[in-house]
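The values are calculated or read from the model by the stated rules, or taken from the named source; none is laboratory data. Keep in mind it's a predicted model, so treat the numbers as computed, not measured. For neighbour counting, all protein chains shown are included, and Cβ atoms are generated from backbone atoms with ideal geometry for every residue, glycine included. For the accessible areas, the whole protein counts, side chains as well, though only heavy atoms, and no ligand, DNA or RNA atoms are used. Shrake-Rupley method; radii C 1.70, N 1.55, O 1.52, S 1.80 Å.
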Amino acid sequence: MSEIATLKINGQEFEFPLLKGTEKETAIDIKTLRGATGGLITLDAGYKNTGSCKSAVTFLDGEKGILRYRGYAIEDLAEKSDFLETSYLLIFGELPTEAQLEQFQADIQSESLVDEEMKKILHGFPKSAHPMGVVSALTSSLIAFNPESVNVDSEEEMYKAIVKIMAKFPVLAAWTLRKKEGLPLEYGSKSLGYVENLYKMMFNKPNEEFAINPIVLNALDKLLILHADHEQNCSTSTVRIVGSSHAGLYASISAGISALWGPLHGGANQAVIEMLEDIKNDGGDYHKYIAKAKDKSDPFRLMGFGHRVYKNFDPRAKIIQVAAEEVLADLGIVDPVLDIAKGLAEVALNDTYFKTRNLYPNVDFYSGIIYRALGIPVEMFTVMFAIGRLPGWIAQWKEMRENNEPIGRPRQLYVGENLRSFSSRENR
Ligand code: CMC
């Protein structure tokens, strides 16, 4: 016997099936609600209680601090996998064999040139443009160079589209950085691994022998893995909803990049460093900023704190905090901002305001400290997040299309004016 939920409205009862997920999460299936009740809808601002889809990509338990990609614990993946392998896992559902991974890498390498005409678009932006705006626009521009729409029923076509975006996106991101830094554009190398190649495209200097620092490479790889997917967050939901209109993969991802840009989402990594810098420049008294964050008349929020779904701890933050300390120690960097971050976290974690609201450091509280240590400019931090999130967006877009999900189109509770008669301008 399947379980049901009963809704009683003005004495009349309506029944809705309860659906169970593989981790025993339960959802009330309300798809018949409007029809059965003669027009009732649910209202859930910010979708705090609303599931938008069934998904087999990522499992997240915010109360217990669990994050798994395709059933594999994030802690295991961060320690034992690499970013390309994790990307394959997310997109295709299984860990690749040696041969599958080699093929995936070779296919990506063979697509890693971007049409030279793209440079004209890149150079049309002023140097001062925010990299997230540039990267979003360049991703969207890829459509002009690859206008053919993907037949989602063809495994081969889907694979080709996936390989193309995986190959070209890091080039666009690295070009954006190099343009900002005033460096000549770099094409990377077909003989390098995915993250090594990204590393080269970002950091290679025309007057230096290129050498990879294994500490930097390892940190970069780990950061990308930790950001690779996070179920139905704001940018992923954007990618899915744009794709649900059957807009193409590049258009959907470009929209996802815009959603990620905001400081309440991926833009938090930039906002955290800016906040820590402000505290440092203000004399380093973080207690003052804790007080500001608690003051309801002050719009200031402690950036890098709190999460919509993690109400215990963010497992990614735990891994990244350790990585940040390792990277700084290995590179011999003394960063006063890390001390401020640690002090701030310690005070906040013991403060009733933060404890009662379950506000813990999130992934972005520490990621910026690593990016900074790697020499990445602050405005590029969210682009790094986007490079990491790319396989997640692809996996979720692919799943949405393969499941033939209907177009995303929420309803609303209208609270505006009732019908009014139009008054001519001279009578207003
Ligand atoms: N500093 C101070 N107070 C906070 C903070 C914060 N960072 N975050 C939440 N609160 C308070 C908020 O004022 C509210 O208090 P009250 O109940 O008294 O009104 C309560 O905590 C609940 O907050 P909310 O805004 O209703 O929670 P939400 O789930 O809508 O927002 C959030 C989640 C991440 C947007 C929010 O915690 C926030 O703005 N954090 C700072 C930005 C940030 O670090 N974002 C990165 C998220 S992790 C990367 C990613 O996956 O995108």
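I want to verify a result. In a Gaussian network model of the chain, Cα cutoff 10 Å, which of these has the top mean-square fluctuation: 399, 346, 25?
Highest fluctuation of the listed residues: 25.
Out of the trypsin sites (Lys or Arg not before Pro) in segment 213-298, which ones are loop residues according to DSSP with at most 15 other C-beta atoms within 10 Å?
296
Counting alpha carbon pairs within less than 8 Å and at least 6 residues apart, what relative contact order, in whole percent, applies to the chain?
RCO, the chain: 20 percent.
Which values, in whole Å and largest first, are the semi-axes of the equivalent ellipsoid of segment 1-155 obtained as the square root of 5 times each eigenvalue of the Cα gyration tensor?
Over the Cα atoms of segment 1-155, the semi-axes work out to 41, 25, 17 Å.
Considering only DSSP states other than H, G, I, E and B, which trypsin sites (Lys or Arg not before Pro) in segment 115-174 qualify as loop sites with at most 16 other Cβ atoms within 10 Å?
Those satisfying the criteria are 127.
In whole Hz, with x marking every Gly and Pro, tabulate ³J(HN,Hα) for segment 192-198 from phi via Karplus 6.51 cos²θ - 1.76 cosθ + 1.60, θ = phi - 60°.
9, x, 4, 6, 4, 5, 4
In debye to the nearest 20, how big a dipole does the chain give about its Cα centre with +1 on each Lys and Arg Cβ and -1 on each Asp and Glu Cβ?
Magnitude of the dipole: close to 1640 debye.
To the nearest µm²/s, what D does Stokes-Einstein give for segment 2-43 at 37 °C and 0.692 mPa s, using the Kirkwood radius over alpha carbon pairs as Rh?
This corresponds to a translational diffusion coefficient of 294 µm²/s.
In deg cm²/dmol and to the nearest 500, what is the mean residue ellipticity at 222 nm of the chain if only DSSP H runs of at least 4 residues count, each as -39500 (n - 2.57), divided by the residue total?
Calculated from helices alone, the mean residue ellipticity at 222 nm is -16000 deg cm²/dmol.
How large is ³J(HN,Hα), in whole Hz, for each residue of segment 331-337 in order, when computed from phi with the Karplus curve 6.51 cos²θ - 1.76 cosθ + 1.60 and θ = phi - 60°, using x for Gly and Pro?
After applying 6.51 cos²θ - 1.76 cosθ + 1.60, I find 8, x, 9, 9, 10, x, 5 Hz.
Are there any GluC sites (Glu not before Pro) in segment 82-120 that are in a DSSP loop and have at most 13 other Cβ atoms within 10 Å? List them by number.
Here the sparse-neighbourhood loop sites are 94, 116, 117.
What net charge do the residues around residue 295 carry, taking every other residue with its C-beta under 12 Å from that of residue 295, with Lys and Arg at +1 and Asp and Glu at -1?
Local charge sum for residue 295: +4.
Please check the chain for the longest run free of chymotrypsin sites (Phe, Trp or Tyr not before Pro) that are loop-located per DSSP (anything but H, G, I, E, B) and have at most 15 other Cβ atoms within 10 Å. It would help to have the intermediate numbers written out before the result.
On the way: sites that count: 187, 210, 300, 414, 422.
The longest such stretch corresponds to 1-186.
How many angstrom lie between the C-alpha centres of segment 257-308 and segment 55-126?
Computed from Cα coordinates, the inter-centre distance equals 29 Å.
For every other residue with a beta carbon closer than 13 angstrom to the beta carbon of residue 137, add +1 if it is Lys or Arg and -1 if Asp or Glu, then tell me the sum.
Net charge in that neighbourhood comes out at +2.
Tell me the Rg and the Dmax, in Å, that the Cα atoms of segment 288-428 produce.
For segment 288-428, the Cα radius of gyration and maximum Cα-Cα distance read 22.4, 74 Å.
Kindly write out, for segment 12-18 in residue order, the coupling ³J(HN,Hα) from the Karplus curve 6.51 cos²θ - 1.76 cosθ + 1.60 (θ = phi - 60°), rounded to whole Hz, with x marking Gly and Pro.
9, 9, 10, 10, 10, x, 9
Carbon and sulfur: what percent of the chain's accessible surface (1.4 Å probe)? If you can, show how the numbers build up before the last one.
Working: 11100 of 21870 Å².
On the chain, the fraction of accessible area on carbon and sulfur atoms equals 51 percent.
Projecting each Cα onto the charge dipole of the chain (Lys/Arg +1, Asp/Glu -1 at the beta carbon, about the Cα centre), which of 28, 366, 225 comes out farthest on the positive side?
28
Treating cross-link reach as a plain straight distance, find the aspartates and glutamates whose alpha-carbon is under 12 Å from the alpha-carbon of residue 205, omitting any fewer than eight places away in the same chain.
181, 186
Anything over 26 Å Cα to Cα? Flag those among 8/31; 127/200; 24/342, in the order listed.
Violating the 26 Å limit, Cα to Cα: 24/342.
Projected area of the chain, taken from the Cα convex hull and averaged over every viewing direction, in nm²?
In nm², the orientation-averaged hull projection of the chain is 28.1.
In the calculated pair distance distribution of segment 160-276, what percentage of Cα-Cα distances lie above 19 Å?
Details: 3935 of 6786 pairs.
Of all Cα-Cα pairs in segment 160-276, 58 percent lie more than 19 Å apart.
Whole Å is fine, so just give me how far the alpha carbon centre of segment 389-428 lies from that of segment 196-238.
That distance is 34 Å.
Taking only Cα atoms of segment 347-428, what ratio of Rg to Rh do you get with Rh as the Kirkwood inverse-distance radius? Write down the numbers at each step before the final one.
Values: Rg = 23.8 Å, Rh = 18.9 Å.
Here Rg/Rh amounts to 1.26.
Is the C-alpha gyration tensor of segment 79-203 telling us rounded, prolate or oblate? Criteria: a/c under 1.5 is rounded; beyond that, a/b larger than b/c is prolate, otherwise oblate.
Oblate.
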